[in-house]
1. Part of a helix (DSSP H, G or I) and in contact with a Lys or Arg (Cβ under 9 Å, 6 or more places away or on another chain): does that describe L12?
2. Go through the stretch 14-43 and report how many residues are surrounded by 12 or more Cβ atoms within 10 Å (Cβ to Cβ) and either touching a residue at least 24 places away in the same chain (Cβ under 8 Å) or aliphatic (A, V, I, L, M) (or both).
Amino acid sequence: MTGLDKPVAAFLDRHTEVHNFIYQTRSYLELWLPMLETNNRSYLTVAIGCTGGKHRSVYIAEQLADYFRSRGKNVQSRHRTLEKRKT
């Protein structure tokens, strides 16, 4: 299972530390995105990592992607470790 699966997401969702990390990262990005857009930056890469690369980082990246998509941002999410497992 990965951070894309409901049981893993439900487990991580119960931890205040995870919510705090998402909130702090989201706040940081919300602070910088307008300035980057004003300076005609066409994209921003955000990388989230964790020990195994399939639980916390995947869940957090998806939470951030969903948040910014809901605010009209064009977001692409990629999970390198999960992509490697497919091959």
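1. On the way: part of a helix (DSSP H, G or I): yes; in contact with a Lys or Arg (Cβ under 9 Å, 6 or more places away or on another chain): yes.
When the stated conditions are applied, L12 passes them.
2. Number of matching residues: 8.
Matching residues to (1) among the basic types (K, R); (2) farther than 23 Å from K6 by Cα; (3) in a loop (DSSP other than H, G, I, E, B):
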position: R26; (1), (2), (3): yes, no, no
position: E30; (1), (2), (3): no, yes, no
position: S42; (1), (2), (3): no, yes, yes
position: A47; (1), (2), (3): no, no, yes
position: K54; (1), (2), (3): yes, no, yes
position: S57; (1), (2), (3): no, no, no
position: Y67; (1), (2), (3): no, no, no
position: R71; (1), (2), (3): yes, yes, yes
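For (1) under 23 Å from R80 (Cβ atoms); (2) of a type outside the set (D, E); (3) over 15 Å from the mean Cα position of the chain (by Cα), each residue gets a yes or a no:
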residue	(1), (2), (3)
G3	yes, yes, no
K6	yes, yes, yes
R14	no, yes, yes
V18	yes, yes, no
I22	yes, yes, no
T25	yes, yes, no
M35	no, yes, yes
V46	yes, yes, no
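Read-outs: derived from the displayed coordinates by stated rules, not from any lab. This one's a predicted model, so the numbers in the text were calculated from it and none came from an experiment. Neighbour counts run over all protein chains shown; Cβ positions are idealised from the backbone, glycine included.
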